[in-house]
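Here the structure is laid out as structure tokens; the discussion comes afterwards.
A short reminder: the numbers here are calculations on the coordinates, not readings from a lab. Keep in mind the model is a prediction, meaning the values are calculated, not measured. FYI the Cβ positions are ideal-geometry reconstructions off the backbone, even for glycines, and counts take in every protein chain you see.
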Amino acid sequence: MEVDRYERIWLVGSAVFILTALGAIIASVVFHTAELPEPAGRIEPEEVTSTAPFDKPGLHQREDGSWELVYIAQAWAWTPQQVIIPAELRGEEIRITSTSLDVIHGMKITDTNVNVMVIPGQISEVDVTFDDEGTHTLVCHEYCGIQHHVMGAEIVVE
Ligand code: CUA
């Protein structure tokens, strides 16, 4: 079968692109331990504010001594708006637990690898370690309505 020269170039180019993308996925799993997120639990949106740990949003130490940072998302704000991470928690793993009261939001914390969907009815968990002092912005990266672009919060690492 005769294949036109330009068609052959496109075929080879497409194959190279697909193989490169596949290679990038495999490399991110093997070398950067990328994982698919799993729901950490379910919760009725009406019961969020009366159910632990969401009844006390913010940073707290759990019974086993580990640290947890709890966020509630709702259009168009994060609770809490500002969190201070004390200097002694630098380098410590902190579990971020979040859920939404209304629609789907997305949590992205600048200069970290935190990027997680925050979905009503579902609890999202992600671990983060802050190594350096500084201020991180927590933004919503999932369009959630007319004020989506102002839905931010602040994490200050002392
Ligand atoms: Cu919340 Cu966009």
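Checking each residue in the range 61-84 for being more than 16 Å from the ligand (Cβ to nearest atom) and in a strand (DSSP E or B) picks out Gln61, Trp67, Glu68, Leu69, Val70, Gln82, Val83, Ile84. Taking the stated definitions as given, is Asp131 more than 10 Å from the ligand (Cβ to nearest atom) and over 9 Å from the mean Cα position of the chain (by Cα)? Answer is yes for this residue. Take the conditions (1) assigned to a strand (DSSP E or B); (2) surrounded by fewer than 17 Cβ atoms within 10 Å (Cβ to Cβ); Val139 misses just one of them, which is (2). Of all residues in the range 1-51, those being within 25 Å of Met107 (Cα to Cα) and among the charged types (D, E, K, R) number 6. Residue-level check: of (1) assigned to a loop (DSSP other than H, G, I, E, B); (2) over 19 Å from the mean Cα position of the chain (by Cα), Thr20 misses just (1).
Scanning the range 27-37 for any residue that is away from the ligand (no atom under 16 Å from the Cβ), hydrophobic (A, V, I, L, M, F, W, C), under 29 Å from His149 (Cβ atoms) and surrounded by 11 or more Cβ atoms within 10 Å (Cβ to Cβ) turns up at least one such residue.
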